[in-house]
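Values quoted throughout were computed directly from the atomic coordinates according to the rules given, and no laboratory measurement underlies them. Nothing here was measured: the structure is a model prediction, and the numbers come from that model. Note that we place each Cβ from the backbone using ideal geometry, even for glycine, and neighbour counts take in every protein chain shown.
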Amino acid sequence: MSYAVKEMFLTLQGEGARAGRRAVFLRFAGCNLWSGREADRADAVCRFCDTDFVGTDGPGGGKFADADAVAAAAAALWGETTGHRYIVLTGGEPMLQIDAILVEKLHDQGFEIAIETNGTLPVDPGIDWVCVSPKAGSEVVQRRGNELKLVWPQPAPPLPGHTPDDMEHWDFAHFLLQPLDAEGQNEAHATACIEFVMERPLWRLSLQNHKLVGLK
Ligand code: SF4
């Protein structure tokens, strides 16, 4: 199987429970909740996306012929630095393309594998760290993992069974609330998150540290 990768680069994990960790970021092309075209945004399930996941033209991106080629490119980006190899598979929606052979080949290269997914598709069981970020209006089937990262406030009403109350019964080790990044509203969104966390101590505030320090 071939893989369509928007971009792949070495950076620090910017947000979530593992913020600050050295990581290869591999962004797959395509998402099942929005086409990525502005003309379709108003009718999409997910309407607040700020990520370009269309095509394969980003740095380190391209069409990779097989899993070996993806894993070799990731290993080359990591370089000679020894130990603790870590890769974050994101998108778009990465589970549209991830399969068992890719997981195996990344493990063979020594990577611990994390995923950031919208949770609408089951995650490959070989993945080591699962971060689910639910999007209002979508059906989340992946209700267990390491961290649940809810962008807040969400612009659309939740489906039945998808309120924060419901999510507190899902099987995650970390419950994170992250202010929705929207021009002119960031202060209000941060305030909403702080108030939420003050009322619900299960949750923790997650900030996008990479934006604070100028990392991609
Ligand atoms: S699910 Fe994620 S990648 Fe897909 S449109 Fe929403 S924010 Fe963007």
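How far apart, in nm, are two points set 7 Å out from the Cα along the Cα-to-Cβ line at residue 190 and at residue 69?
The answer from the label model is 4.4 nm.
Could you tell me which of rounded, prolate or oblate describes region 3-213, using a ≥ b ≥ c as the square roots of the eigenvalues of the alpha-carbon gyration tensor, with rounded for a/c under 1.5 and, failing that, prolate when a/b is larger than b/c and oblate otherwise?
Numbers: a/c = 1.64, a/b = 1.47, b/c = 1.12.
Judged from the Cα gyration tensor, region 3-213 comes out prolate (a/c at least 1.5, a/b above b/c).
Are any of the pairs 105/135; 6/63; 135/216; 6/149 more than 20 Å apart by Cα-Cα distance, and if so, which?
Values: 105/135 30 Å; 6/63 9 Å; 135/216 22 Å; 6/149 23 Å.
Flagged as over cut-off: 105/135; 135/216; 6/149.
Quick check on packing: order 38-46, 24-32, 108-116 by the mean number of other C-beta atoms within 10 Å, highest mean leading. Don't skip to the answer; put the middle values down first.
Working: 38-46: 12.4, 24-32: 22.8, 108-116: 19.9.
Taking the mean over residues of other Cβ atoms within 10 Å, the ranking is 24-32, 108-116, 38-46.
Return the percentage of antiparallel bridges among DSSP beta bridges fully within region 3-213, rounded to the nearest 5 %.
Details: 10 of 35 bridges.
So the antiparallel bridges in region 3-213 amount to around 30 percent.
So what is the relative contact order of region 3-213, in percent, for Cα pairs below 8 Å that sit 6 or more residues apart? It would help to have the intermediate numbers written out before the result.
Numbers: 441 pairs, mean separation 38.6, N = 211.
Relative contact order for region 3-213 comes out at 18 percent.
Could you name the aspartates and glutamates in cross-link range of residue 211, using Cα to Cα under 17 Å and dropping any fewer than eight places away on the same chain?
Partners found: 15, 50, 52, 181, 183, 187.
Which whole-Hz ³J(HN,Hα) couplings does region 177-190 yield from phi under the Karplus relation 6.51 cos²θ - 1.76 cosθ + 1.60, θ = phi - 60°, glycine and proline marked x?
The phi angles translate into 10, 10, x, 5, 7, 9, 3, x, 10, 5, 5, 4, 5, 5 Hz.
Of 188, 67, 75, which is the most mobile in a GNM of the chain whose springs link Cα atoms less than 10 angstrom apart?
For the chain, modelled as a Gaussian network with Cα springs under 10 Å, the answer is 188.
Given a 10 angstrom Cα cut-off, can you work out which residue in 79, 20, 58 is the most mobile in a GNM of the chain?
Residue with maximal mean-square fluctuation among 79, 20, 58: 79.
Between region 1-20 and region 75-98, what's the alpha-carbon centroid distance in Å?
That distance is 6 Å.
Give me a comma-separated list of calculated 3J(HN,Hα) values for region 84-94, in order, Karplus coefficients 6.51, -1.76, 1.60 applied at θ = phi - 60°, integers in Hz, x for any Gly or Pro.
Per-residue couplings from phi come out as 6, 5, 9, 10, 10, 9, 9, x, x, 10, x Hz.
Amide H to amide H, which residues 5 or more places from residue 61 or on other chains are under 5 Å from it, using H placed in the peptide plane?
Residues meeting the criterion, in which the H sits 1.01 Å from N, are 8.
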